[in-house]
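Nothing in this text is a laboratory measurement; each read-out follows from the coordinates by a stated rule. Please read these numbers as outputs of a predicted model, since none were measured by experiment.
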Amino acid sequence: MAEPIPFAAMLKRWLLGLAAACLLALAGYALLAKSGEEPSRAGQVPGGARAFPVLVVPARTGDIGVYLNGLGSVVPLNTVNVKSRVDGQLMRVLFQEGQLVREGDLLAQIDPRPFEVQLSQAEGQMARDRAQLKNAQLDLERYKGLVKQGYIPKQQLDTQEAMVRQLEGIVQADQSQIDNAKLQLAYSRITAPISGRVGLRLVDPGNMVRANDTSGLLVITQLTPITVVFTIPEDSLPPVLERLNAGRQLAVDAFDREQKKQLASGKLLTVDNQIDPNTGTVRLKAVFANEDGSLFPNQFVNARLLLDVKRGVTLVPSAAVQRGAKGTFVYVVKEDHTVAVRTVALGTTHGEDASIDSGLAAEELVVVDGTEKLREGSKVEVRNRNEPPANVSPPPGPEKPRRER
């Protein structure tokens, strides 16, 4: 009969078996993990060899304008508050609100009858005084003959001459009364003093109007031509004055509030005679024909003054110009499809174009889109404009089933 195995020996064997099973399990797990990592690592491409899709544009030779921008508002050349110059009842209003009128057009009619009566009275008084003057002149001629014959004294002749001169003065005063009555009668017809646009009506027919009324009857604003008053920094004033003193006409364009739509084109008219010390700016006035009415009084505009034109310079899109700690630079694509960081001297920038004074030649390819991940020597893949941007990834496809091993 076999002897029973002691409990201590059985415990020892059980622990050894458990340890061996654990070691085998760890070895199998490590083997599986290693076999799963190797294919994924083998499929990776080194970071330096990855090609980034970019959009490139060749630098070109062309002309670019040097502009001065300023905020301004539309100011009419003339604005007239039309008032009555005589007192009376407003009988007729012959204009429509918002109507375009010409100089001399009849706008309103004040009751003319009181002025017609005054004119008749002045004419009647003048007819009476003229008759008296004519009679005095005839007596003067008679007195001259009687004095020569010695029938009347010389003093009587002198008195008659004085009376004739007095009556001539009265007739002259009567003529002034007639002219004044005619003037008052003409003032009863209110005409347009300038050509322009009529505003809202301020008085209705039937009301009494007076010469001392402050509100007036209507307001006329001249629209063609019209001006724009805008400001520029005081440091930009010397080149403007230099060109004006040389007799050059500087073109000015007016744009809307968002600087996207050009409203009108005109020319610089004059410069103000002083600089505003509070803002350090100076006011300029430009005149526009405004035949299409695109500019309206008190309208806010962005004025763009063409100061000069640089011709035959190297031009690139503004998006190609990058800025860093060492200044401005561009990414130039070389023949081996790698990029080089090229430091450039930036000149004038206008709209979507920028001029390069030095550091870049015409026909060299510069990157305008996809510059976020580029470095010196990065490989690139040139794409067309209709392709998606470099920072947009394609939509993920369906996930492939993982095969169990």
Starting from the Cα coordinates of the stretch 88-155, work out the convex hull volume and express it per residue in Å³.
144 Å³
Please say if the stretch 112-187 is rounded, prolate or oblate, where rounded means a/c under 1.5 for a ≥ b ≥ c the square roots of the C-alpha gyration tensor eigenvalues, and otherwise the choice is prolate for a/b larger than b/c and oblate otherwise?
prolate
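Looking at the chain, what % of its DSSP beta bridges pair antiparallel, to the nearest 5?
Taking every DSSP beta bridge with both residues in the chain, the antiparallel ones total about 95 percent.
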Hull shadow area, averaged, the chain [alpha-carbon convex hull, nm²]
51.2 nm²
Given only helices, namely DSSP H runs of n ≥ 4 each adding -39500 (n - 2.57), what is the per-residue ellipticity at 222 nm of the chain, to the nearest 500 deg cm²/dmol?
-10500 deg cm²/dmol
Could you work out how much longer the chain between Arg60 and Arg130 gets when fully extended? Use 0.36 nm per residue separation minus the Cα distance between them, nm to one decimal.
16.2 nm
